[in-house]
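As structure tokens, the structure follows; a few thoughts come after it.
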Amino acid sequence: MSNINEPSKTSGQYHSVKGTVVEIIGNLTGATSWQQSGKEEHAAGEAEYNAAQAKGYVDGTADRVTGKYDSVVGAVTGDKTQQTSGNIRHDKGVAQQEINKPE
């Protein structure tokens, strides 16, 4: 579950696009306050998106490591449930890293 104080890729994209639209309106109308406001919102949106992407990548790394550990411990102790759970968590971490790979 996502915390409201955590960066969000969706919110970041929204503010980036909204900022661009506001800036364009400012450019078309000559309203410098809209131009500046749009630039600032766009930059804030990009920063939020990048922060969310970095957090997702780090979370994926943690899942990969923890999953691999659980898988190995399960294999060594003969606990197939722990081994399977570890493999699933590891694979989830790999997918999360892939989705959040820096561009």
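The values are calculated or read from the model by the stated rules, or taken from the named source; none is laboratory data. Small disclaimer: the values here were computed from a predicted structure and weren't measured. Reconstructed Cβ throughout: ideal geometry from the backbone, glycine too, with neighbour counts over all protein chains shown.
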| request: Please state which one of Ala47, Ala54, Ala43 is among the small types (Gly, Ala, Ser), exposed (fewer than 15 other Cβ atoms within 10 Å of the Cβ) and within 18 Å of Gln96 (Cα to Cα). | output: Ala54
| Which of the residues spanning region 9-30 are crowded, with 18+ Cβ neighbours inside 10 Å and either closer than 24 Å to Pro102 by Cβ or at pLDDT below 95 (or both)? | Gly12, His15, Ser16, Gly19
| said: Filter region 1-36 down to the residues that are out of contact with any Gly (no Cβ under 9 Å at 6 or more places or on another chain) and either within 30 Å of Asp59 (Cα to Cα) or touching a residue at least 40 places away in the same chain (Cβ under 8 Å) (or both) and list them by number. | reply: Met1, Ser2, Asn3, Ile4, Asn5, Glu6, Pro7, Ser8, Thr10
| field | Within region 58-83, tally of residues that are under 26 Å from the mean Cα position of the chain (by Cα) and either surrounded by fewer than 17 Cβ atoms within 10 Å (Cβ to Cβ) or part of a loop (DSSP other than H, G, I, E, B) (or both) | value | 8
| query | Picking from Ser33, Ser37, which residue would you name as being surrounded by 15 or more Cβ atoms within 10 Å (Cβ to Cβ), of a type in the set (Gly, Ala, Ser) and assigned to a helix (DSSP H, G or I)? | reply | Ser37
